[in-house]
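The values are calculated or read from the model by the stated rules, or taken from the named source; none is laboratory data. Since the structure is predicted, the reported quantities are computational estimates derived from the model, not experimental observations. Surface areas here come from the heavy atoms of the whole protein model, side chains and all, with no ligands, DNA or RNA. Shrake-Rupley method; radii C 1.70, N 1.55, O 1.52, S 1.80 Å.
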Amino acid sequence: LSQQISSLEDDIKTTESKITQTTDQISAAKTEIDNLDGQVKQKTAELNELKKKINASLVEIYRFSSRSGWELILSSGNLGESSNQVKYVEAIQIQVKSMYNKLLDIKEDLDREKAEQEAKKEELDNLKQRQEEYKKGSEYQVSQKDKLKNMTEQQKQEYDALARKLQGEIANISNEIYSERLRQSGGSSWQLGGGGSGYPFGCGSIDPWK
């Protein structure tokens, strides 16, 4: 019985270690989700601001492009000023193209960060579920240990007797399995002992547990 209690105590320590490890992983996942959330908000603000600038530039281009060359000359008063206005429109067009490319890059980053955030949230949910399973397992292990510790002397004797009986039954079943396999193999490579994983017999190459 003391062996079973000691084994349960080892299991409890292992489970508690897993709970601590999972708690740290949950904390790290939450921090990363918060960081990604901040990045997503920043990229969204940059994207909206860039859209406003592009729209304003497009309005400016439309305002100039809707006027004919004669209108530009007449409104400017001389050819030099008219030429400057044309160059101004061309500069705005180049700026719009640059801003549009930047917009695409920001949108790509934003989509990637959103996907990372969703994946991290899914990981967090899985970690929380795993932690709950560990906690339930720990509670069960503690309750089993307490039950064993609180057994009366008579109950301890009955428990030990039952354990020995089960071990004997397992050994008998193992013997029957190996005897049948020996019979099927024609009696070759049979030896007592040497079986792995609790099996009392080994029989050469026909024993996959050896």
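Key figures
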item	result
In sequence order, calculated HN-Hα J values of segment 29-40 (Karplus, 6.51, -1.76, 1.60; Hz; x Gly/Pro)	5, 5, 4, 5, 5, 4, 4, 5, 4, x, 5, 4
Accessible-area ranking of 118, 32, largest first, probe 1.4 Å	118, 32
With all protein chains modelled, accessible area of residue 173 [1.4 Å, Å²]	100
Residue pairs, from the table 13/147; 145/165; 13/128; 13/165; 43/128, whose Cα atoms sit over 27 Å apart	13/165; 43/128
